[in-house]
Each structure stands twice: as C-alpha cells, then as structure tokens.
1. For the protein assembly as shown, what does the alpha-carbon gyration tensor say about shape, rounded, prolate or oblate, given a ≥ b ≥ c as the root eigenvalues, a/c under 1.5 as rounded, and a/b over b/c as prolate?
2. If exposed GluC sites (Glu not before Pro) are those in a DSSP loop with at most 16 other Cβ within 10 Å, what is the longest stretch of chain A that has none?
3. Express the accessible area of chain A per residue in Å², computed with a 1.4 Å probe while the remaining protein chains stay in the model.
4. Quick one: how many Å² of B:Ser249 are accessible to a 1.4 Å probe, rounded to 10?
5. Is it possible to state the helix-based mean residue ellipticity at 222 nm for the protein assembly as shown, with each DSSP H run of 4+ residues giving -39500 (n - 2.57), the sum divided by total residues, to the nearest 500 deg cm²/dmol? What is it?
6. Suppose we keep just the DSSP beta bridges with both residues in the protein assembly as shown; what percent of those would be antiparallel, to 5?
7. In whole angstrom, how far apart do the alpha carbon centroids of the stretch A:106-145 and the stretch B:95-152 sit?
8. Rounded to the nearest 20 Debye, what is the dipole magnitude of the stretch A:168-212 about its Cα centre when Lys and Arg each give +1 and Asp and Glu each give -1 at the C-beta?
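The values are calculated or read from the model by the stated rules, or taken from the named source; none is laboratory data. Everything numeric in this text was worked out from a predicted model, so none of it was measured. Heads up, the Cβs are rebuilt from the backbone with ideal geometry, glycines too, and the neighbour counts pull from every protein chain shown. To get the accessible areas, we keep the full protein, side chains included, count just its heavy atoms, and leave off ligands, DNA and RNA. Shrake-Rupley method; radii C 1.70, N 1.55, O 1.52, S 1.80 Å.
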Amino acid sequence: MEKKVQSATQAADFAIKIDNVTKEFKQWQRGSNIKDIFANLVKPKTKIVKALDNISLSVRKGEFVAYAGANGAGKSTTIKILSGIMHPSKGEVSVLGLDPKVDRIKLMKRIGVVFGQRTELWWDHPIAASFDWKRVTWNIEKKDYDNRLESLVELLDLSGIINTFARELSLGQRMRADLALMLLHNPEVIFLDEPTLGLDVLAKRHMIEYLKKLNREQDATIIVTSHDMDDLEEMAERIILLSNGNIEFDGDFEKLRRITGSICRIKIYTENGQHPNLETATIVKVENGFTEYQFDSNKYSISSVLKELSGIDTILDVEINKAPIEQVIAELYTSWK
Amino acid sequence: MADSIKRLISLWAIHAKLDLLWLIRDTKNCVLNIIADLTSSLSTILGIFLLSQRFDNIGGMSSDHILFMLGYACLVDGIFLMFFMMNNTGFLSRIIGRGQLDHKLIQPNPLWMQLITEGFIPFSGSSMFICGLGITIYSSMRLGLSFSIFQLIILVLSIVCSIIVILSFSCIFSCIAFYAPVAGEEVSTSAYGLFDQLKGFPLGGFTIYLQALFTTVLPIGMAAWYPASLLLGNELKLPNYLMIVVTLSLAIIAITLFKKGLKYYGEKGSIRYSSRGFRN
C-alpha cells in the first residue's frame, strides 16, 4: 500500500515521461538513372529511418529543459509526439499523466506549444482579437482571462502593440504576442520549438528573460529546442542532447563541459598586434590586435599557459574564458558522426 | 451533446465577430468590399436571369423552374461560402497539404468542431446567400409556390444535403493530400470547381444512366438540379430517396477516408509546412 502511494506520488512529480519510444519513418529511395526510375515503379525501394530510437526520459514539474541536437536529430519529432500531433511507432508517452494520442483535447487545455517559425495569431486582426479568439476557443473564464491578460501584457511588454495588426508586427514583437497567446490559458507544461530563431540580439535577450521569469515565478515546466547553444545554456538548467534519435547526454551544462574535456580559451592583446605561437595553446582566432588561443586545462594548467605568456613583453591585456558551449557541442556532434 | 452545441455556437460567434471586425477594419476597405460584393451579386443575378431564358424548356424545365433551380444553387453556394470557403473545410486539401493541421491539433476541441467553425464569415461572405434567397423567393412567387412549414423544412434539409454532398466530394479528393501534400494541395479547388461550373445545368434531358452518373459518382446534379426538381414536384427518372442515399454514402466514405488519412498524418507527420492562406 505504502509502495503504491509512493509510486503515485513519484508519478505526480513528473510532468513528462517517455518510455522506450521509437519513431520510425519510411523514406523513399531512388537513383537518377532511367533503369532505377522504371524499377522503382514496379518495386519502390524504401529505407526505414529511426527519428527516435528507443528513448526514455522524464522531466519533473517546474524543470526548464533544453532539448538539443543537430538537424534531423529528432527534436521536433519529440515535441510533436509530446503535443499529440504525431504518434510514436513504439513505446509510451505521458504528459501530466495523460497520453497525448488518446487524451489530446484534455491535454491541450493544460499545455502550450509554440513553433518558432509559425504563428497562431490571426494575421488580419489586431493581436487583441487573437487573444479574444483564444479565450473562446480554450473556454477560459472571463475573470481568469482578464487577470492573466493584464499580467501578460505587463510581463511581455505588449501594451504598445496589443491593438496592432499581427501582419504589421516585427518578428520579435510577433514572438512575444505568440508567447502571450500561448500563455493565456495558464499551461502547466510549455513546449517551445526554436523560439529564438530569427530574432535579433535584443529581442532574443528579452525572450530569454521572459522565459526564465516564467519558469521561476510561475513554476511552469518548459521544454525548449534550439540550435543556439549559448541561448540554451542561459535559459535551461538541464540539457538533453539527441543524436541520430538517441539521447547522448542528459545532465547540466557543467557536466557537459567536463565530458568534452576542459577546453579553455585565452585572449591576449599585444602592443604591436603580434600573435606569438605557444607550446601550451593553439591559436584559434586573430582579430583587431587580439589573439585567441585554446588549450585543454586537463593537459596544461592555466598557470603553465600564463607562465609561457609572461615571457611575451608586449602583452597589454589577458582574458581567460571557458570554451563557448557552441564549440563543446560541435565537438560532440563531430565525435558522434 | 448540449455542451457540444454550446461550444459550436460560441465558436461560430467568435468567428462571426472576427469577420465583422475584418469587414469594418477601415472605411476604405469596408466600402470597397461592399461595392465589390454588390457588383459580383449583380452579375450573378443577371447571369442567372440570362441562363434561365437561354435554358427555357431544356431538360423539361420552364424558365421559371430554371430560375428556381439557380436560386437554389445560389442558396447552397451562399451557405457554403459563409461556412466553408475561407481557406478552411471547403479547401481541406490546402490545410492538409500545407501542414496546417498541426495548428488545429493543438486546440482543445474536437477536430470536426474546429473544421466546421473556423473561418465562418457571415458578414463578408453573405452576398451570395442573400442573392440566392432573393432569387428563390422571386421564382417561387412567379411559380405560384407557397411553402408550408413542412416544405420549408424539406427545403432546408435539401440544402443541408447538397452542402454535405459538395463537402464530402471535396473531402474525398482532399484526402489525397495526406499522402501527396504538394501534388494534392489544390485538389479541393478542382473538386469544388466541378460543382461551381456545372451545377446550374438541368439534367432532365439526359438518359437515366447519365443522370445516375451525374447524381452519384460525379454528383453535380445533387447541388441543384435533383433537389430543385423534387421540390418543384417534377417527375424524375431517378428514385426520390436517391439524395439521402448519396448524401449518407458520400459522407461515410469521406469520414472513413479522412480518419484513415489522419491516422497516416499521425504516423508520418507533415513533410512540409507553408503558412500561405493560414488565418488570412
């Protein structure tokens, strides 16, 4: 009895559970010569591609998870499976204790989905009209809607654009409006597929701040996919890395850096723009008088690199950094190929 | 059931509101829309009067009978336009072929409910309906017809059946887009075009085989000629129950194929996405 209660409590702690999920697609194969074309008419050649290969993972309520991987790794497929748009070939999926395939309607009242390159806004209407449409379509109580709209307008800085037609918004403004539209029914779990794609630096920064605030203040579970690893590192506490349909890494960003070796970067600025060769580090970039070196801190200690640099008289400034997460991931992707 | 009806009405109401907001979004646009609609309606009415004169006594129908049939066709078209023509259910292959079903699947309502309510345009799309109503009343008066409540119910049911036939026929072809999204994207336009171009022709002069062909396999006769002839009490070579049989059969085939296609969509997903025509 106690065990049952314990297991139910544990299940209630999870927002998402994916158990041994496989998603297969059939791809048509055909050469370009005439023989192949005619042979294909009689007996088409196909290849089975595994977008997800027996993956299992769980996400606790209130977690902010980055879901990353190279193109075709299976990120969007997972989001579509979790939101009930697609169904897995094998395995079980549960979001807030519901099966997305069976309980799509119930689930949609409790989750929110934003696809970065798509909009849910009504194009030829002011965004206030889209919000009103959302209220009716999601059957949101008027009082809850008014309160939520008020706080979202403030949170996402929408007061200046709420009466603007969706087609007249910039991409950054449109993304904010789309995010507000998605949040109006107070979803417990949020799926964001490439929410920062195409945004300029400032709009991206705002978007990241909003999402962090949302997770922190409203305890929303957020799963976000992106190609921009630096954005993901700034937003999420945990990163799941996919490669060829398999989970290759699941943990925090520090752990991810440790796995790929402790690659560090050191930048020097010299009086005469010199870029001297070092034994302990290799040059990765030379730009505007700066020379950037890279070294593995497991191989050479920072003090040994600095000792070598101290022999260069013309150095004016030194800056030590961790390798950008983009580089860490790129190295991982290359090693998985 | 009561909840579903309530949801349907509230969804239709919000789309009607969006349509009104769109129509009156600025004075210039509103005036231009009304002028364009008036011109289009006027040409429809004139075209119908000319056709009714041209087809006098063709297929066993007098010019007033033809006028009634064309009025009926306009009513069907008008209702179809108001409910299904704004890039939604009437053009299902576009939604499927452009990967836009994803948008529908993330809403907390049954898919059928979204499909029949989204894009309801009672204000900007009512001109054809008003024309149809006017022509039907005018031709009925000329024919000396007085509809009882029962006959009015039959008229409404016939219109509903005609619309189901057109929708189902379009849906059956639209299902191709599940399997060939690019090639099948515009197939619903062609399927609807068949009715649009041919529904106004009286089929009474054809042999029973051709009449059967044009009321079952290519059911253009079900959009106007067959129901109008029944309502006018004209003698038909085809059985009186044919409309119900064809409507039910096509609806069942369409629903079955759509469900099958939707299952495929769930397995395969959409291999393309285009926002063209989505919510504008």
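1. Numbers: a/c = 2.46, a/b = 2.22, b/c = 1.11.
Prolate, since a/c reaches 1.5 and a/b exceeds b/c.
2. On the way: sites that count: A:Glu141, A:Glu237, A:Glu271, A:Glu279.
Result, exposed sites excluded: A:1-140.
3. 51 Å²
4. Probe radius 1.4 Å; accessible area of B:Ser249 about 50 Å².
5. -16000 deg cm²/dmol
6. So the antiparallel bridges in the protein assembly as shown amount to around 70 percent.
7. Distance between centres, Cα-based: 25 Å.
8. About 160 debye.
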